[in-house]
Amino acid sequence: MVGPKRILFLSGVDFKEKSIQVIRKTPEAYVQRNWEVHYIVGRDNSVNGDYFYESVINPEGVIVHRFIVPLTRIHGLLNNVIWKAVWFRIRNIILVCKLAYIAAGLIRKKDFHVIYGYEIPGVLAVRLLRFFRIKTNARFVTRFQGVLYVKEWLRKKQRFRFLSNIDAILALKTKADLCIMTNDGSQGLDVLKKVKSPVKNILFFPNGVDKVCLDQHILDEIRSKYYPDPQKKYLLSISRLDNHKRIDRSIRVIHKMVNSFGFTNFRFIVIGGGVEYQNLIRLIDRLHLKDYFEFLGPIKHEYIKYHFALANLFLSMYTSTNVGNPLLEAIRHNKVIITLNNGDTGDWIAHRVSGFIYDVNDDRDLDSKDYEIIARDVIGVLNDPHLHNDLTAGVKTVEASKLWTWDERFQAEVNRVELLLS
């Protein structure tokens, strides 16, 4: 091959400083392998989106072609489910068309070896390029960070969901030389088979997690500011404050701890920002729990590891699956994890072996008795050093046997992509 290998990313997800790092790490991995990397991305600055609290980032070595997604101001006018759903779909159509339009212009100027559709808008833009037969000899790669809720639509045979989310289904059924599906517990490999994806060459990996490396000075600073009382127990939650992250479930566990069991010597640290913030604050006020919570908002990812190091327990109560990067990072830090047995979460956490995991029917939600059981177990492990140590040992076993580093994760991906060119 003459000259550098060139890859063109098409994406509706911009780089983040205060949330999931895989978006940024993906193109950076190709830069490190001496690829020429172009990244076309539409940025949604709506208050109902994920970027209004994020800085604009241009990773070193990545040639970024960024535009602001039209109609985002209209999308953010109301925090109403129907309003957001309608405008999200309208602006996504525009986003996909603009990604494809900019890509077509770049393809005419440069000889790309790989065109990489990142998540649903990027994959649909790839589909548009193929539909209009934009001339290129490039290999096509599609990439999904998971398939949240699709397994539920399939299980419940919800035809209307397939119609109202036809963009997701079309993306999953897009032809490609390689499909990379993140193993985030949402059973993406099974979903690809059930929707009859034409792609046979599939990579199915979890995300990576860096090894723990802490600066003692920063650790001491964060301890003195947020974890100052050595007699107090500290619980931790890290996620966007979105509806499906279900921070409200953790709040109801706390309510039971305080009101059913009289356990008050603790503090719950919540890291993350999003549209559910005001609803969560109202719930805390209504349940008279203000003294037990501290919302730090979104913080730079480089500081997240210090909070993991200092907290006693980590709670994750998502709908559909809990195998997000925060759970993997909690495993890396050998934290005792309180979570729910939906999706493939049970592949990572075993009850009273590597944490506490509770059966949940997301269709009907948890009830008062469920919250009481969870609260009792949380208090039990906080008061029992021997149980805490046993569970920590169980988490260490999971870390050693199942976790990848980011270097391992991206070495596997780039190797497979480069194989397409051989």
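The values are calculated or read from the model by the stated rules, or taken from the named source; none is laboratory data. Owing to the predicted nature of the structure, the values given are computational and were not obtained by experimental measurement. Here Cβ is always computed from backbone atoms with ideal geometry, including for glycine, and neighbour counts include all displayed protein chains. Only protein heavy atoms, including side chains, enter the accessible area calculation; ligands, DNA and RNA are left aside. Shrake-Rupley method; radii C 1.70, N 1.55, O 1.52, S 1.80 Å.
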Inset, instruction - Quick one: pull the percentage of alpha-carbon pairs in segment 294-410 with a separation above 24 Å. - result: 27
Inset, instruction - Quick one: angle between helix 368-383 and the longest Cα principal axis of the chain, in degrees between 0 and 90, rounded to 10, please. - result: 70
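Based on Cα coordinates alone, diagonalise the gyration tensor for segment 331-384, multiply each eigenvalue by 5, take square roots, and list the semi-axes in whole Å, largest first.
Semi-axis lengths for segment 331-384 are 19, 16, 7 Å.
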Inset, instruction - Could you order ARG91, ARG240 by accessible surface area, starting with the largest, using a probe radius of 1.4 Å? - result: ARG240, ARG91
Inset, instruction - Can you tell me the dipole magnitude for the chain around its Cα centre, using point charges on the Cβ only (Lys, Arg +1; Asp, Glu -1), in Debye to the nearest 20? - result: 1840
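What ranking of PHE132, PHE314 comes out by heavy-atom accessible area, probe 1.4 Å, highest first?
PHE132, PHE314
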Legend entry - For ARG43, residues with placed amide H under 5 Å, excluding near neighbours: PHE67, ILE68, VAL69
Legend entry - Packing-based order for 150-162, 16-28, using average beta carbon neighbours within 10 Å, highest first: 16-28, 150-162
Inset, instruction - Note down the magnitude of the dipole of segment 171-271 about its Cα centre, charges +1 on Lys and Arg C-beta and -1 on Asp and Glu C-beta and zero elsewhere, to the nearest 20 debye. - result: 580
Inset, instruction - Report, in whole Å, the centroid distance computed from the Cα atoms of segment 213-283 and segment 137-161. - result: 32
Legend entry - J(HN,Hα) series, segment 351-364, from Karplus relation 6.51 cos²θ - 1.76 cosθ + 1.60, nearest Hz, glycine and proline x: 4, 6, 10, 10, x, 10, 9, 10, 5, 9, 9, 5, 5, 10
Legend entry - Overall dimensions of segment 163-256 as given by Cα atoms, namely Rg and Dmax in Å: 20.8, 57
Legend entry - From phi via Karplus (6.51, -1.76, 1.60), per-residue ³J(HN,Hα) for segment 300-314 in Hz, x at Gly/Pro: 4, 4, 5, 9, 4, 4, 6, 5, 4, 5, 9, 7, 8, 9, 10
Inset, instruction - Wrap a convex hull around the Cα atoms of the chain, take a quarter of its surface area, and give that in square nanometres. - result: 20.4
Inset, instruction - Return one number: the angle in degrees, 0 to 90 and rounded to the nearest 10, between the long axis of the Cα atoms of helix 247-259 and the longest principal axis of the Cα atoms of the chain. - result: 0
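Leaving ligands, DNA and RNA out of it, report the carbon-plus-sulfur percent of the accessible area of the chain at a 1.4 Å probe.
Carbon and sulfur together cover 51 percent of it.
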Legend entry - Farthest positive-ward along segment 149-197 dipole, Cα basis, beta-carbon charges - from LEU163, SER186, THR174: LEU163
Inset, instruction - Find the accessible area per residue for the chain; the probe is 1.4 Å, ligands and nucleic acids are left out, and the unit is Å². - result: 46
Legend entry - Nearest-ten-degree value, helix 406-421 long axis tilted from longest Cα axis of the chain: 20
Legend entry - Cβ-based charge dipole, the chain, positive-most Cα from ALA330, ILE93, LEU148: ILE93
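Highest mean first, how do 254-263, 55-64, 327-336 rank when packing is the count of other Cβ atoms within 10 Å averaged over residues?
Per-residue Cβ counts within 10 Å, averaged per peptide and sorted highest first, yield 327-336, 254-263, 55-64.
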Legend entry - For segment 266-278, Karplus couplings with θ = phi - 60° (6.51, -1.76, 1.60), whole Hz, Gly/Pro x: 7, 9, 10, 9, 10, 10, x, x, x, 6, 8, 3, 5
Inset, instruction - Order THR142, THR405, most accessible first, counting only protein heavy atoms with a 1.4 angstrom probe. - result: THR405, THR142
Inset, instruction - Per DSSP H run of n ≥ 4, the term is -39500 (n - 2.57); total these for the chain, divide by its residue number, and report the mean residue ellipticity at 222 nm rounded to 500 deg cm²/dmol. - result: -13500 deg cm²/dmol
Inset, instruction - List every residue whose amide H lies under 5 Å from the amide H of SER186, counting only residues 5 or more places away in sequence or on a different chain, with H placed 1.01 Å from N in the peptide plane. - result: VAL147, ASP344
Inset, instruction - Please give the solvent-accessible surface of CYS97 in Å², to the nearest 10, using a probe radius of 1.4 Å with every protein chain present. - result: 70
